[in-house]
1. Which numbered condition trips up I340, out of (1) β-branched (V, I, T); (2) modelled with pLDDT of 90 or more; (3) within 13 Å of the ligand (Cβ to nearest atom)?
2. Quick one: in segment 56-97, which of the residues that are near the ligand (Cβ under 9 Å from one of its atoms) and hydroxyl-bearing (S, T, Y) is farthest from I169 (Cα to Cα)?
3. So G243 passes all but one of these: (1) farther than 21 Å from Y189 by Cβ; (2) within 16 Å of the ligand (Cβ to nearest atom); (3) of a type outside the set (A, V, I, L, M). Which condition number does it fail?
4. Can you spot a residue in segment 341-348 that is buried (at least 21 other Cβ atoms within 10 Å of the Cβ) and basic (K, R)?
5. Please give the strands (runs of 3 or more DSSP E) falling wholly within segment 179-240 in which 1 or more residues are surrounded by fewer than 19 Cβ atoms within 10 Å (Cβ to Cβ) and in contact with a Gly (Cβ under 9 Å, 6 or more places away or on another chain).
6. List pairs: first residue in segment 259-283 and within 10 Å of the ligand (Cβ to nearest atom), second residue of a type in the set (A, V, I, L, M) and not in a helix (DSSP H, G or I) anywhere in the structure, Cβ distance under 9 angstrom, at least six positions apart or on different chains.
Amino acid sequence: MRLEYPHRTERFGAVRIRNLQRVIEIDSGPDRGDDLASDLAAVQCVPTSRIREIEADLVVVVPCKNETRKVIEGVLSGIPHDCLIVLVSNSDRVPVDQYAEEVEVLEQFCRVSQRPALSVHQRDPGLAAAVKAAGMPELVGDDGLVHNGKGEAMLVGTALAALSGRRYIGYVDADNYVPGAVTEYCKAYAAGLHLAGGPFSMVRICWGSKPKLRDGRMFFSRWGRSSEVVNQFLNRLIGEYSGFGTDVIATGNSGEHALTMDLAVRLRTASGFAVEPYHFIDLFEQFGGLLDTPHADVLGSSVNVVQIESRNPHFHDDKGAEHVQGMRTQALNALYHSPICPPSVRDAIQEFLEAEGAIEPGTRPPTERIYPPVATMALDIFYDALVAEASSFRQMQRREIVGVRGDAPIRRPALLGDSAPAGCGELLSSQADASVDA
Ligand code: GDD
């Protein structure tokens, strides 16, 4: 992949945010060692071989709630072959069991493409039991089930991904109509993770455009209705601390993003649609140097954020204006309540939400639920409880020859590498064999 060179980097403590890099070539071929433009720092080029290496170490989590079969099939087909797919579904199970249909789609896909995958239903009582047993009762609501919400699905997906022992994790929505866009996002994750380097990195995608039908014509709008607002407030926060206005954040709401697993398990997760902007906020809280952090080791190095503008348009299910307003309200609620949010930004958020009618004049925005990092979970207990109690949990393994067992998505004895942070360490001590539902 060939990308524009990021000539600007904004710092916030140990967090370094590179400005948006546009994709120039989705496939730039092998590294021939004679790339003049790269030598002149006009572009950055990531060889196809390196992208493939990272893909083989990448888990792609797909949160899904009541999307159609054809669209899900398209999304799966766009995820590069060597990535491990983790489906976390919150689809209706009555009157028709849509999750059963999703599992059927995934199993069939894995069978014909010979690849492994994991899937679980967010509202499976067995999942709630596993999450509780692993030490994250906050994720479970009064009804005894894991809370609804996209952030919650991503948290479950991250915990499953951590079990796989792979080094990178990315997220793609299940409602993307363009399989080629999914492929480009995953390639961009790999390219960005390579370019970011280091153990603590994040890649966030900004879509080239978002097509909409307007007066019978296709209009390719540049920014989503939520992104525009959320980016503006996040940039304002950075500007308040640096004393210089900035527009460096172009991906505040990015549903498509990837991280090194080392970083993913250290970050907290916000509920629902606050999840994506909160990843930025938590980076600033934990690695911005303003608050005490349990990760002093990370402060010594840097946390690199690479932002990539895709070539593909983002063509997805339009869930309406109210949905978009709800999404940006959740994002702004999370920013408002951050301990590092300066009073001037708080006031501006309050004013904005009042003007939108999202809150009553003079009232404070509601808080969003914030969950602890996956690193605090006892993942070995989580896994054992999942296998024992979660009837919706499926592990599909790669079968190289019909009837012969191949690669399991979770290989128990080597669950995580040596760099696993506190909390994940328990995994390493367990030597039991994985029980695989093939
Ligand atoms: N498992 C699970 N649980 N999945 C969910 C849930 C849930 O409670 N809620 C939504 N999803 C899935 C949807 O099925 C879809 O695949 C994906 O999460 C995104 O949800 P949408 O409701 O389709 O969001 P959107 O497309 O309007 O917004 C997307 O883009 C925004 C940026 O503009 C999302 O990715 C947002 O998170 C993002 O900020």
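The values are calculated or read from the model by the stated rules, or taken from the named source; none is laboratory data. Please read these numbers as outputs of a predicted model, since none were measured by experiment. As a convention, Cβ positions derive from the backbone with ideal geometry for all residues, glycine included, and neighbour counts pool all protein chains shown.
1. (3)
2. S91
3. (2)
4. No: segment 341-348 contains no residue that is buried (at least 21 other Cβ atoms within 10 Å of the Cβ) and basic (K, R).
5. By residue number, 210-214, 217-221.
6. Close Cβ pairs satisfying both conditions: S271/I370; A274/I370; E276/A270; P277/A270.
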